[in-house]
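This report concerns only the one structure given below.
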Amino acid sequence: MKKTKSFILIITTAILFYNCESNTEDLTTDPIGEPQEDSVLNRNLSFEEVYAFEDDLLGGPYIGMTYSSNDNNLFISCRENAPSGTITEEEVFKLNLDTYQLARKNTSPGGFITKQLTIINDTLVSIGGTEFKFFDTNFEYAGNQSYGNNFTLNKFGIANHNNDTYILGGYRVDGPSRENKIIRKLRGNNTGNLFEAFINTSETMIGASGAVVNERLHVFGGALYEDFEATNKIFIYPLNNPQSYEEFSMTVKADVTFVHKYGEMIIVAGYKGLYSGDKTSFVGVFNTTTNTFEEIETNLDSEGGTKAIHQMIVKEDKIIVLFGHKASSQLPMSMWSILSADLLKD
């Protein structure tokens, strides 16, 4: 009975999204670095490999990644690329960045393709297209919670802010129209319907991610669902009045973006060429004071357009990316690297 009560407590805590008073210092879903006032951002990132592994991951806009500062663990989640039968699995990885020990946890069914990861009250939460999945502090699977029919999305991104999680773009898998021109907010203090419409957007973007700085939600890039054409658009939505949004642009058109705030700046990484052409990775920085975007040089090698950035986080003064490619008939070995680079000059 005690075990059952503990299980219910974990599920209830995650579903309520901090319905009770919480310690916000435990929030590690959007790692934030606070560079010194006199620090200088590195405009030529030199990535080094800290870990490599082989696994048949989907890649693209489908992989989730987050970080826990409590135990220095990096988490990655993806649905398997090529299921052996009709039942798919979701695979979650835990990589300790002190010991570089890798643990894997498989759950079935895998659900829709896209996964995004966040951490709530020390519970790792995988946000899929149809349900939440929960993992406790011992990295044990602790159950799931279905959404019903109000959230059947693929290729969506997220942005975390305080107790809320914003669901960005993606397209609906069900219904006569697959368009999704709604940014949804998962309310941290909502005990009823988890989802609340934040704003109706003018376009259905897929593969776009965002970050909140100074109470403004910044959304970068992504491809249009209508023609799968990559965009260079930046939308900035004030949280208290999202209808008064502004639009700016990047210097690169990106099919997929991964976004994290870094002090008053926003680091943007991703790639183009997902739907046509060779993959080309990029890293850039957005200045939230001047609303300007600048690309940053890197030493990343796409190896003939086969490899690219597939996720990114900011940990203290470092940028960490998941770099590699999914398996195919031409590339049967699916190799992945965890790469790290210093964001500040020495």
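The values are calculated or read from the model by the stated rules, or taken from the named source; none is laboratory data. Not measured: the values here are computed from a predicted model. Cβ coordinates were reconstructed from backbone atoms using ideal geometry, including for glycine residues, and neighbour counts include every protein chain displayed. Accessible surface areas use protein heavy atoms only, side chains included; no ligands, DNA or RNA. Shrake-Rupley method; radii C 1.70, N 1.55, O 1.52, S 1.80 Å.
If R0 is 25 Å, what FRET efficiency do you get for Ser276 and Glu54 from their C-beta distance, rounded to 0.05?
Details: r = 27 Å, r/R0 = 1.09.
The calculated FRET efficiency here is 0.35.
What is the extension gain from Asn214 to Ser108, computed as 0.36 nm multiplied by their sequence separation minus the C-alpha to C-alpha distance, in nm to one decimal? Could the numbers behind the result be given before it?
On the way: separation 106, 0.36 × 106 = 38.16 nm, distance 3.94 nm.
Result: 34.2 nm gained on full extension.
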Given region 137-296, what count of lysine pairs have C-alpha atoms under 18 Å apart, with each pair 8 or more places apart or on different chains? 12
If N is the number of residues in region 107-245, what value comes out of its Cα radius of gyration divided by 2.2 N^0.38 Å? 1.04
Using a Förster distance of 22 angstrom, determine the FRET efficiency expected from the C-beta separation of Phe228 and Asn287, and round it to 0.05. 0.15
Would you work out if region 40-147 is rounded, prolate or oblate? Take a ≥ b ≥ c from the square roots of the eigenvalues of the alpha-carbon gyration tensor; rounded if a/c is under 1.5, else prolate when a/b is larger than b/c, oblate otherwise. prolate
If amide H atoms are built 1.01 Å from N in the plane of the peptide, which residues on other chains or at least 5 residues away come under 5 Å of the amide H of Tyr262? Ile267
HN-Hα J couplings of region 62-72 from phi, Karplus 6.51/-1.76/1.60, θ = phi - 60°, integer Hz, Gly and Pro as x? 9, 8, x, 8, 8, 9, 10, 6, 4, 10, 6
For region 44-123, dividing by residue count, accessible area per residue (probe 1.4 Å) in Å² works out to 40
Under a cut-off of 20 Å between alpha-carbon atoms, report the lysines in cross-link reach of Lys94, not counting same-chain residues fewer than 8 places apart. Lys105, Lys115, Lys133, Lys315, Lys318, Lys326
Report, in debye and to the nearest 20, how large the dipole of region 143-275 comes out about its Cα centre when Lys and Arg carry +1 and Asp and Glu carry -1 on their Cβ. 220
